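The values are calculated or read from the model by the stated rules, or taken from the named source; none is laboratory data. Keep in mind that what you see is a predicted model, and the values were worked out from it rather than measured. Glycine also receives a Cβ, built like all others from the backbone with ideal geometry; neighbour counts cover every protein chain displayed. Just the protein is used for accessible areas: all its heavy atoms, side chains included, with ligands, DNA and RNA removed. Shrake-Rupley method; radii C 1.70, N 1.55, O 1.52, S 1.80 Å.
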Amino acid sequence: MINDMKDAKLFSPLKLGRTVLKNRIAMAPMSMDYEATNGTVPKKLADIFVRRAEGGVGYVVIDAVTVDHKYWYIGRTTSLDNDKLVPQFKAFADRVTAAGSTLIPQIIHPGPESICGFKGIPPLGPSINTNAHGHVSRPITIDEIHKVVKQYGQAARRAEEAGCGGVSLHVAHAYMLPGSFLSPLRNKRFDEYGGSLDNRARLILEIIEECRRCISPDFPIVLRIGGSERVEGGTTLQDMLYLAPKFEAAGVDMLEVSGGTQYEAIDYILPSHGKPIGVNVFEASEIKKVVNIPVFTVGKINDVRYAADIVERGLVDGVSMGRPLLADPDLPKKALANQFDDIAPCANCSGSCVTRPDVPQCTCHINPLVGREYDFPFKKAEKAKKVLIIGAGPGGLSAAANAAERGHDVTIWEAGKQTGGQLALAVTAPGKQDMCKWLVYLNHRCAKAGVKYVFGKEATVEAVKEFAPDAVIVATGAKPLVPPITGVSELTNVYTTHGFLRGEFVIPKGRVCILGGGEVACETAETILANARPQARHFAPLGDVEVTIVEMLPQILTGVCDPNRIPLRHHLKELGVNVNTSTKVLEVHDHSVKVQRLKTGEEEVLGDFDYVLFGLGSRPYDPLSAALKEFVPEVHILGDAVKVRQSSNAMHEGFEIAYNL
């Protein structure tokens, strides 16, 4: 047991060749869309890594540095494919070093995943492969393979010349050129690069050997591998136990173990709701037994105490953390000081870091400063104000914490009995408990800063007048949307998914119809079925439940990121949920729903339901701001009270409003 993080092996140095890491925490590579079209590293992108270096991380990995800019990985791709790019990359590496860490670029050739198809250039692959954009790769020739191997070596040389601490090679996930060659899911070749496991690994070994030839003997190479692709027909742990010693013999200094595949099992690459912590730790620990070099693991290492434990027990030598370091760049420093409650937690939501409906670039739900690391230096308020916040959802709590920390006198009025708003409903779904961490963290900050709470307090114009605040922040959120569909006015009870998740009623058994196929509607279906206890009839009046979903769009869970959408969709199918897509609701009655099949135009009555729930989204709820502006000097509105969006919008707006009070 670790009583003080200063004694933890996680915070001990690790020597990789000539590079000495000050601790065993790495910032994992992530595509964040701050890259430049000319292959350089823009200041905004560099700032993200420099800020994590300042926060105490052992080394940082910049994602997807291509060896051939002709084959772009994403719309803007960092590159080390020519010597002219070395000086600007050196300036970047020097900033990371000056901040106390080490830069290790991840060198890649995107292979089948290149977006060059948009320019009429077929991507290169081991075989005929189709990527996420529908572009079909052509099988790369032997001569082209030899050229790519040389390109890897030259890119590694440039990284060393730029003052980096090493290079990382990505060969996992049946992805990009080396990973797709290794995976039998992608590699269907009939030459010396196809067929057997040794043949499929040939390209990787040639790349390692060429990199080693082009760089100094003590310049470290880190290899990201998949411990298992976790799908039938993919590479297995047994395959990697066989290959890992070969990679070591070829010149690799450290292995980083991930898992999954980009298309079939992305929820293991980006493990989110429902996936256990440390999804790849077992594979990494087994691989560690067959090599004599350090082994790191990556994949939902979202608690630094857990990270310290698996290193202390010798399961791995270190950890790579991606999203948790977006959430809090100072995570290593705070952990070293045992300030765990002060760490902004990553809930592995795959929200605005992965799914970006409002902005094209990476942000973070809990950290409003991702992508603008140095734009809001902390400052105390010039004048302390009496601030009233109406609503204790995530936006209200964010505003309260930041305002109080700046020196304002902050009070929250909350009509309910607890904090959380709609986020408190979201966490009730199976697998989403991690999101409770956000509320625990915000409540901790509010308490530490002296925020006062008043629960069961319905805000009225008269009450606000009597309170006489200098500023009011309206964070009243949203209400369930119940559109005026034929029959709604005659319903005996208007049931909503929000009401169910709030515990206003229970569904012990029977047939349920949910109108809507968005995230809340689908998670409500999952929760209803999770609450069914067919074997518990002696203890509670619960029994079999049958759920039907009616969605007007062609598919359910539109706009939900793949790491959450794919497993939830599969789970609903396993649970036997009857999903009706491309289906418009025409009429609603207590026990039936009249619908129109949009593909055929035919009308149909779905009937014999015990419950019909509205899960058609929410509408902004702001009953006060217009009247308050008549007498309160400052009135601000945030979050869903303005427009229904993600909780990140509310928390970011809360931060900015508080910053400018």
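3J(HN,Hα) along region 43-54, derived from phi through the Karplus expression 6.51 cos²θ - 1.76 cosθ + 1.60 where θ = phi - 60°, amounts to 4, 4, 5, 4, 4, 4, 6, 4, 4, 5, 4, 4 Hz, with x in place of Gly and Pro. What a 1.4 Å probe finds exposed on region 62-131 is 59% carbon and sulfur by accessible area, rounded to a whole percent.
Annotation for region 579-630: GluC sites (Glu not before Pro) lying in DSSP loop with at most 10 further Cβ atoms inside 10 Å of their Cβ are GLU602, GLU630.
Taking every DSSP beta bridge that has both residues in the chain, what percent is antiparallel when rounded to the nearest 5? Antiparallel bridges make up about 20 percent of those DSSP assigns within the chain. Of the chymotrypsin sites (Phe, Trp or Tyr not before Pro) found in region 366-450, those that fall in a DSSP loop while having at most 12 other beta-carbon atoms within 10 Å are TYR374, PHE378.
Across the options ALA26, PRO87, LEU14, the greatest Cα extent toward the positive end of the charge dipole of region 1-123 (unit charges at beta carbon of Lys, Arg, Asp, Glu) belongs to LEU14. Evaluated over the Cα positions of region 314-374, the convex hull gives a direction-averaged projected area, one quarter of its surface, of 5.3 nm². Computed about the Cα centre, the dipole magnitude for region 67-180 is approximately 180 debye when only Lys and Arg (+1) and Asp and Glu (-1) carry charge, each at its Cβ. Which residues does a label at GLU603 reach in region 488-515, if reach means a backbone N under 19 Å from a point 7 Å past the Cα toward the Cβ? Those under the cut-off are 488-491. Computed from point charges on the beta carbon alone (+1 for Lys and Arg, -1 for Asp and Glu), the dipole magnitude for region 1-73 about its Cα centre is near 300 Debye. What the Cα convex hull of region 201-249 gives, in volume per residue, is 74 Å³. Beyond 42 Å, the tail of the calculated P(r) for the chain holds 32 percent of the Cα pairs. Applying 0.36 nm per residue to the separation of SER489 and HIS444 and subtracting their alpha-carbon distance, the gain on full extension is 11.8 nm. The alpha carbon centroids of region 631-650 and region 89-128 are separated by 39 Å. Bridging of LYS288 to lysines at a Cα separation below 22 Å is possible for LYS9, LYS15, LYS22, LYS246, LYS300, once same-chain residues fewer than 8 apart are set aside. Partner aspartates and glutamates whose Cα lies under 16 Å from the Cα of LYS465, excluding those fewer than 8 positions away in the same chain, are identified as GLU630, GLU634. Applying a threshold of 30 Å to the alpha-carbon distances of LYS44/LYS147; LYS43/LYS289; LYS417/LYS437; LYS70/LYS289; LYS334/LYS380 flags LYS44/LYS147; LYS43/LYS289; LYS70/LYS289 as lying beyond it. With all protein chains in place and ligands, DNA and RNA left out, the 1.4 Å accessible area ranks THR130, THR419, THR78 as THR130, THR419, THR78, largest first. Determine which residues of region 209-236 fall in the zone a paramagnetic label at ALA249 would reach in this model, i.e. backbone nitrogen under 11 Å from the point 7 Å along Cα→Cβ. No residue qualifies, since no backbone N sits under 11 Å from the label point. Taking a ≥ b ≥ c as the square roots of the Cα gyration tensor eigenvalues, with a/c under 1.5 meaning rounded and otherwise prolate when a/b beats b/c, else oblate, which class fits region 155-280? In terms of gyration-tensor shape, oblate.
Gain on full extension, evaluated as 0.36 nm per residue between SER216 and ASN199 minus their Cα-Cα distance, stands at 3.4 nm.
Partner lysines whose Cα lies under 30 Å from the Cα of LYS599, excluding those fewer than 8 positions away in the same chain, are identified as LYS573, LYS584.
Cα centroid separation, region 146-174 to region 247-324: 21 Å.
Per residue, the average separation of C-alpha pairs within less than 8 Å and at least 6 apart gives the chain a relative contact order of 11 percent. Three principal axis extents describe the C-alpha atoms of region 25-92; from largest down they are 35, 22, 18 Å. Just so you know, the Rg over Rh for region 278-391 is 1.09, from Cα atoms, with Rh as the Kirkwood radius. Taking the inverse of the average 1/r across all pairs of different Cα atoms in region 523-661, what Kirkwood radius in Å do you get? Hydrodynamic radius (Kirkwood, Cα only) of region 523-661 equals 18.8 Å. Sparse packing (at most 10 other Cβ atoms within 10 Å of the Cβ) combined with a DSSP loop state is found for the following trypsin sites (Lys or Arg not before Pro) in region 344-413: LYS379, LYS380, LYS383.
When Rg and Dmax are taken over the Cα atoms of region 580-619, they come to 10.8, 31 Å. Of the Cα atoms belonging to region 408-531, the radius of gyration and Dmax stand at 17.9, 52 Å. FRET efficiency for the pair GLU504 and ARG619, taken as 1/(1 + (r/R0)^6) with r the Cβ-Cβ distance and R0 = 22 Å, rounds to 0.75.
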